[in-house]
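Trainee: Encoded as structure tokens, here's the structure I'll be asking about.
The values are calculated or read from the model by the stated rules, or taken from the named source; none is laboratory data. Computed from a prediction, not measured in an experiment: that's the story for all the values here. Cβ coordinates were reconstructed from backbone atoms using ideal geometry, including for glycine residues, and neighbour counts include every protein chain displayed.
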Amino acid sequence: MKKPVTIHDIAVMANVSPATVSRVLSNSDYPVSQELQDKIRQIAEEVNYIPNMLGKQLKKNESTTIGVIIPSIVNPFYSFVIFGIEEIARQNDHTVIICNSLNDPKLEEEYIRTIMEKQIKGLIISSISEDRTLLRNCINMGLNVVAIDQVLEEENVSQIKFDYRKGGYIGTKHLLEQGHTHIVYLTSKLDRPSRKSIYQGYVDAMEEAGLEPILEESNAGGLYTSVYDFDIGKRLARKILKSQSHPTAIFACNDMMAFGVINELSIQEISVPQDISVMGFDGIDFGLMIHPPLTTVKQPDYEMGKMACKLLFDKIKGDDIPSYDVVLQPSLIKRHSVKQYELTPGLS
């Protein structure tokens, strides 16, 4: 492990005494000029300083709490992942602190700092940040980390992955087997490995069939709410319906987006699946509750949570447990939103 930055190191960089650094970083009332305070805090931020005493407490394994950082608690997929995590945590007499990063890398970093400051010794994270500096420093200080969903290529990190490319492939393959050739793929911004991999599976299946992939990508930003993906599905569906040639099938990158597509098609008096078939991705239980029930590619969300938590406790309890990757496999759930393609008069 690399030696963590200490107050003494910051004192040398700022050309002040360790006592002065301590007073500033602990927000003491002791008088220190604002200019010097700003200089010390800037140095501490640049070197990703975390109080050394917290790192020592982590190594003593005194905490009975684990942390979980996910991009969005309102996404039912992550809710089921957390359900699995909490089950294993309870069995091991641990509590869980759940942090919702709202798809914001800066907020994710704040939560990582909080995890360390609370002397939490284990973290399960679905990271959406491209800057791993802080997390890497925390791992070097003794934080045990298991990555889920999104790939986190760091040493000493175990991974619970999902074969997203295969999921995109088998979903598209099913549509092709039902006779669909004009298949549009809808997705949020392709800025994550998972989204890119699902799309790649779609492209592979289409090109294998000698067909041209058709992509509709949303670049929507803003606050991630419970209807964020649902609204994207509605907007992209409206855009598709304005084209001269309607698709016979729509493949959405997640189930919530597929729900939005079905909702918009219904408003436009286009029947699913009689006029247009719709495929989702995730396999959340809400897909059973809509009409028609959603055909989708299932991710083992609950199982992912349980497995991630088991791996984390292996790392926490073991003296020298190696890190390794687990790749979970997708499965196709056939319901009633996809049917055999038949040319419908008036829709071409």
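Trainee: Just wondering, is there one or more residues in region 87-95 that are at pLDDT 90 or above and touching a His at 6+ places or on another chain (Cβ under 9 Å)?
Mentor: Yes, because at least one residue in region 87-95 is at pLDDT 90 or above and touching a His at 6+ places or on another chain (Cβ under 9 Å).
Trainee: A further question on this structure: Going by what's in this entry, would SER323 be described as over 24 Å from LEU190 (Cβ atoms) and in the same structural domain as ILE125 (by TED's automatic domain parsing)?
Mentor: Values: over 24 Å from LEU190 (Cβ atoms): yes; in the same structural domain as ILE125 (by TED's automatic domain parsing): yes.
In short, yes.
Trainee: Only one of PHE286, PHE313, PHE251, PHE230 is surrounded by fewer than 24 Cβ atoms within 10 Å (Cβ to Cβ) and over 22 Å from GLY84 (Cα atoms). Can you tell me which? Walk me through how you get there before you give the answer.
Mentor: On the way: PHE286 fails: over 22 Å from GLY84 (Cα atoms); PHE313 fails: over 22 Å from GLY84 (Cα atoms); PHE251 fails: surrounded by fewer than 24 Cβ atoms within 10 Å (Cβ to Cβ).
The match here is PHE230.
Trainee: Please find, within region 162-180, the residue that is farthest from ASP149 (Cα to Cα) out of those that are out of contact with any Leu (no Cβ under 7 Å at 6 or more places or on another chain) and hydrophobic (A, V, I, L, M, F, W, C).
Mentor: The selected residue is LEU176.
Trainee: Would you check which residues across region 254-274 are in contact (Cβ under 8 Å) with a residue 40 or more places away in the chain and either closer than 23 Å to PRO76 by Cα or buried (at least 17 other Cβ atoms within 10 Å of the Cβ) (or both) and list them? Walk me through it before giving the result.
Mentor: Kept after step one, since they are in contact (Cβ under 8 Å) with a residue 40 or more places away in the chain, are these residues of region 254-274: 254-258, 261-262, 270, 272-274.
Across region 254-274, the qualifying residues are ASN254, ASP255, MET256, MET257, ALA258, VAL261, ILE262, ILE270, VAL272, PRO273.
Trainee: Scan region 146-168 and give yes if some residue there is small (Gly, Ala, Ser), at pLDDT 90 or above and part of a helix (DSSP H, G or I), otherwise no.
Mentor: Yes, there is a match, as at least one residue in region 146-168 is small (Gly, Ala, Ser), at pLDDT 90 or above and part of a helix (DSSP H, G or I).
Listed here are the residues, each with its yes/no results for (1) within 28 Å of ASP104 (Cβ to Cβ); (2) at pLDDT 90 or above.
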position: GLU35; (1), (2): no, yes
position: GLU45; (1), (2): yes, no
position: LYS59; (1), (2): no, no
position: THR65; (1), (2): yes, yes
position: SER79; (1), (2): yes, yes
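Trainee: Can you tell me which residue among ILE148, ILE170 is out of contact with any Cys (no Cβ under 7 Å at 6 or more places or on another chain), surrounded by fewer than 20 Cβ atoms within 10 Å (Cβ to Cβ) and of a type in the set (A, V, I, L, M, F, W, C)?
Mentor: Of ILE148, ILE170, the one residue that is out of contact with any Cys (no Cβ under 7 Å at 6 or more places or on another chain), surrounded by fewer than 20 Cβ atoms within 10 Å (Cβ to Cβ) and of a type in the set (A, V, I, L, M, F, W, C) is ILE170.
Trainee: OK, next. Pick out the one residue from ILE115, ILE128, ILE124 that is under 21 Å from the mean Cα position of the chain (by Cα) and part of a strand (DSSP E or B). Lay out the reasoning, then the answer.
Mentor: Numbers: ILE115 fails: part of a strand (DSSP E or B); ILE128 fails: part of a strand (DSSP E or B).
One residue alone meets the criteria, ILE124.
Trainee: Would you please name the residue that is nearest to VAL326 (Cα to Cα), looking only at residues in region 121-169 that are touching a Gly at 6+ places or on another chain (Cβ under 6 Å) and without any contact (Cβ under 8 Å) to a residue 40 or more places away in the chain?
Mentor: Going through the qualifying residues, I end up with ARG165.
Trainee: Another question about this same structure. So SER218 ticks every box in (1) surrounded by 14 or more Cβ atoms within 10 Å (Cβ to Cβ); (2) in contact with a helix residue (DSSP H, G or I) (Cβ under 9 Å, 6 or more places away or on another chain); (3) touching a residue at least 40 places away in the same chain (Cβ under 8 Å); (4) over 17 Å from TYR169 (Cβ atoms) but one. Which box is left unticked?
Mentor: Condition not satisfied by SER218: (3).
Trainee: Quick one: would you say ILE115 is in contact with a Cys (Cβ under 8 Å, 6 or more places away or on another chain) and in the same structural domain as ALA308 (by TED's automatic domain parsing)?
Mentor: yes
Trainee: Please work out which residue is farthest from VAL74 (Cα to Cα), limiting yourself to region 198-247 and to residues that are of a type in the set (Gly, Ala, Ser) and part of a helix (DSSP H, G or I).
Mentor: ALA205
Trainee: Looking only at region 135-144, decide whether some residue is on the phi > 0 side of the Ramachandran plot and surrounded by fewer than 21 Cβ atoms within 10 Å (Cβ to Cβ).
Mentor: Scanning region 135-144, I find at least one residue that is on the phi > 0 side of the Ramachandran plot and surrounded by fewer than 21 Cβ atoms within 10 Å (Cβ to Cβ), so the answer is yes.
Trainee: Another question about this same structure. What are the residues in region 169-197 that are among the hydrophobic types (A, V, I, L, M, F, W, C) and in a helix (DSSP H, G or I), if any? If you could, list the steps in order and put the result at the bottom.
Mentor: Here is the first cut: in region 169-197, the ones among the hydrophobic types (A, V, I, L, M, F, W, C) are 170, 175-176, 183-184, 186, 190.
Once the filter is applied, which keeps residues that are among the hydrophobic types (A, V, I, L, M, F, W, C) and in a helix (DSSP H, G or I), region 169-197 yields ILE170, LEU175, LEU176.
Listed here are the residues, each with its yes/no results for (1) outside the structural domain of LEU186 (by TED's automatic domain parsing); (2) assigned to a helix (DSSP H, G or I); (3) in contact with a helix residue (DSSP H, G or I) (Cβ under 9 Å, 6 or more places away or on another chain).
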{"position": "SER266", "(1), (2), (3)": "no, yes, no"}
{"position": "ASP275", "(1), (2), (3)": "no, no, yes"}
{"position": "PHE286", "(1), (2), (3)": "no, yes, yes"}
{"position": "PRO292", "(1), (2), (3)": "no, no, yes"}
{"position": "ASP314", "(1), (2), (3)": "yes, yes, no"}
{"position": "ARG335", "(1), (2), (3)": "yes, no, yes"}
